[in-house]
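A quick write-up on the structure given underneath.
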């Protein structure tokens with residue numbers, strides 16, 4: 001059976017990774033951001049394995065609980081900031097894909113090529 005102390009290091013690592021993700025997004029380093037997202041998802045899975053109901057098991061240590069709440073708030077704030085930075089890039093990427101797809105459809109429909 002897990003206790004709040006068992007999962008505290010997981011939340012701490014997730015907070016570190018979320019900060020690194022935010023830094024990568026600010027620098028438009030999408031490869032690093034993607035790699036960090038994978039690491040973060042591994043910690044989420046680890047939390048699931050430990051059991052989300054652990055806080056119901058032992059609420060006796062308020063300091064641990066408060067630390068976890070602060071870490072979760074930080075992770076959520078970083079996540080919101082990351083989304084604010086990535087959404088414009090994702091929209092641009094979507095437009096590029098859409099334009100490429102439309103160009104491909106025109107070429108297929110009309111037999112156009114860039115050499116003509």
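Each reported figure results from applying straightforward, stated rules to the coordinates on display, with no laboratory input. The structure presented is a predicted model; accordingly, all values stated were derived computationally and were not measured. Note that each Cβ is placed from the backbone with ideal geometry, even for glycine, and that neighbours are counted across all protein chains shown.
Tabulated values for the structure
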{"item": "Segments 14-24, 95-105, 64-74 sorted - mean Cβ within 10 Å per residue, highest first", "result": "14-24, 64-74, 95-105"}
{"item": "Exposure proxy order (Cβ contacts within 10 Å, fewest to most) of 85, 33", "result": "85, 33"}
{"item": "Pairs of Cα atoms farther than 21 Å apart, region 4-86, %", "result": "31"}
{"item": "Cα→Cβ-extended label distance, 7 Å offset, between residue 70 and residue 48, nm", "result": "3.0"}
